[in-house]
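Data block below; observations after.
None of the figures in this text is laboratory data; all of them are computed from the coordinates on show. Model, not experiment: these values are computed from the prediction. Positions of Cβ are backbone-derived with ideal geometry, glycine not excepted, and every protein chain shown enters the neighbour counts.
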Ligand SMILES: Nc1nc2c(ncn2[C@@H]2O[C@H](COP(=O)(O)OP(=O)(O)OP(=O)(O)O)[C@@H](O)[C@H]2O)c(=O)[nH]1
Ligand SMILES: [Mg+2]
């Protein structure tokens, strides 16, 4: 029986055991005590975080095809790479796993590439929380670069995508695709745009639409996301994309924005962890009865949500000693 102890899994994973790495990630995904133990071990080892590249866009935009190509470029550069393919819409990792594995098959025998799919299992927020943790696991075991592929359709998915140093937003030619990306909140998180499927009509128009939107939103002196036209299935535009990724990373390092970004990500993560823990603890008060009672009071219109929250928080404070382990 393979060990599930985070410490031995981490040591094995650091020594190059990919199966152990897979199991360690499963431990992190499942949460609870073992995940906390893993997090404590991983955090100090992940301080030398390598580059984290996010690739996002609408379903079917060509994210996996581009990821596959970018993985080749990273490997050609002599770096190892971990790929996190995140499928927020699917409760079954099987589907995501299959699709992404097929597209990245040629890397499956390469020791320098580790590919992992993650699905929601019903809780989008959980996935958003697990993502930075899994990125740290990949860094801690010595993978130089991490690529996160995720479908960018809603706020939380966009949040998942923004766990990267450089976020690539993939759009396709066609009327209004740039506008759709804008509506989904992708314009704000994009550091690089790829107009993929440029073998189809309308790529130039989509590029113009994006450029026009950037004209309105990017202030002078700010990073202006380059727009790369690509036909990923033919490898076209990939060198340009690689150059754009390099330019953006140089910019991050030069402007001290890299550290600032990572700091903001950690602060956001801290806030999310705190909210999660507090909600969990409050729901557990009196075996869940207090949550039920006060929720009922709110639904009945007797007290407002803020007051109920204050009452619950106060009870939480008196429920346990200040230094009690949580
Ligand atoms: N014509 C054309 N087809 C492409 C191009 N890039 C990708 N495709 C095709 O588009 C389809 C979707 O590509 P994927 O790379 O799986 O797209 P994805 O964004 O990862 O899809 P999901 O992960 O399912 O959201 C596949 O059939 C690809 O072969 C391109 O540049 N031109
Ligand atoms: Mg995909």
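Seen against the Cα atoms of the chain and their longest principal axis, helix 203-217 is set at about 50 degrees. Between helix 18-30 and the chain there is an angle of about 50 degrees, using the helix long axis and the longest principal axis of the Cα atoms. Under 10 Å, Cα contacts only: if you run a Gaussian network model on the chain, which one of 230, 38, 260 comes out with the highest mean-square fluctuation? The residue with the greatest mean-square fluctuation here is 260. Estimated from helical segments only, the mean residue ellipticity of the chain at 222 nm is -17500 deg cm²/dmol, where each DSSP H run of four or more residues counts as -39500 (n - 2.57).
Can you tell me what share of the DSSP beta bridges in the chain is antiparallel? A percent to the nearest 5 is fine.
5 percent
Starting from the Cα coordinates of region 202-326, work out the convex hull volume and express it per residue in Å³. Before the final figure, lay out the partial values.
Numbers: hull volume 32.0 nm³, N = 125.
Hull volume normalised by residue count: 256 Å³.
Any chance you could run the full-extension gain for residue 299 through residue 275? It's 0.36 nm times the residue separation minus the Cα-Cα distance, nm to one decimal.
Working: separation 24, 0.36 × 24 = 8.64 nm, distance 2.19 nm.
Stretched fully, the residue 299-residue 275 segment lengthens by 6.4 nm.
Under the criterion of Cα pairs below 8 Å and six or more residues apart, the relative contact order for region 205-326 equals 12 percent. Round to the nearest 10 and give me the degree value, 0 to 90, for the angle of helix 63-76's Cα axis relative to the longest principal axis of the chain. Result, in degrees: 70. Separation of region 282-308 and region 216-251, taken as the distance between their Cα centroids, equals 50 angstrom. Averaged over residues, the count of other Cβ atoms within 10 Å places the peptides 111-117, 31-37 in the sequence 111-117, 31-37, highest first.
Distance between the pseudo-spin-label points of residue 316 and residue 183 (7 Å out from Cα toward the beta carbon): 3.6 nm.
Would you please calculate the Kirkwood hydrodynamic radius of the chain over all C-alpha pairs and express it in Å, rounded to one decimal?
On the way: mean 1/r = 0.0469 Å⁻¹.
Across the chain, the inverse of the average 1/r is 21.3 Å.
The ellipsoid equivalent to the alpha-carbon distribution of region 1-54 has semi-axes of 18, 14, 11 angstrom, derived from the gyration tensor eigenvalues as √(5λ) and listed largest first.
Could you grab the relative contact order for the chain? Cα pairs under 8 Å, six or more apart, rounded to a whole percent.
Values: 492 pairs, mean separation 51.4, N = 326.
In percent, rounded to a whole number, it is 16.
Fewest-first ordering of 131, 67 by other beta carbons within 10 Å of each residue's beta carbon gives 131, 67.
Principal axis extents of the Cα atoms in region 172-241, from largest to smallest and rounded to whole angstrom, are 34, 26, 18.
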